[in-house]
Amino acid sequence: MVNRDDLVRLRRARDRMDREYAEPLDVPALASTALMSPGHFQRSFREAYGETPYSYLMTRRIERAKTLLRRGDLTVTEVCMAVGCTSLGSFSARFTELVGETPSSYRARSHEESAEIPPCVARAYTRPRRT
């Protein structure tokens, strides 16, 4: 069980991922934010949040990518780079895994049905889910 002090430090690292998702973040950098060793950070993060730090960060990136793709003014490659991914292939594979369709098909289809949904509900509705 993760102790309270560790949870506070883990939340600091998670908040950094939420803010700086487009930056090149790696486990050692995030572990230093949490004032932990990389190994302890990874184990504690997974125990506290049920997923690895990398998985959490990629979920944030895919959430943001969905928003940018719905706007329709950026290409898939531009969206990939804007959310901090450096490999279009990895981005597309992860997007497809979490969303259930490719970034191109997601961008191409109509999103008008979600236009009248309040933003707080839209965030919950559009959050990528692992299967």
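The values are calculated or read from the model by the stated rules, or taken from the named source; none is laboratory data. Here the structure is a predicted model, which means the values were calculated and not measured. Neighbour counts are summed over all protein chains in view; Cβ atoms, including those assigned to glycine, are modelled from backbone coordinates with ideal geometry.
The table below lists the values:
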{"read-out": "Matching option when the condition is surrounded by fewer than 19 Cβ atoms within 10 Å (Cβ to Cβ), among the small types (Gly, Ala, Ser) and assigned to a helix (DSSP H, G or I), among 13, 22, 48", "value": "48"}
{"read-out": "Exclusive hit being at pLDDT below 95, surrounded by fewer than 19 Cβ atoms within 10 Å (Cβ to Cβ) and more than 22 Å from residue 3 (Cβ to Cβ), set 129, 94", "value": "129"}
{"read-out": "Residue count, segment 8-24 (criterion: under 12 Å from the mean Cα position of the chain (by Cα) and of a type in the set (A, V, I, L, M))", "value": "2"}
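Okay, residues lined up against (1) part of a loop (DSSP other than H, G, I, E, B); (2) among the acidic types (Asp, Glu); (3) under 18 Å from residue 110 (Cα atoms):
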| position | (1), (2), (3) |
| --- | --- |
| 59 | no, no, no |
| 63 | no, yes, yes |
| 78 | no, yes, no |
| 85 | yes, no, no |
| 89 | no, no, no |
| 96 | no, no, yes |
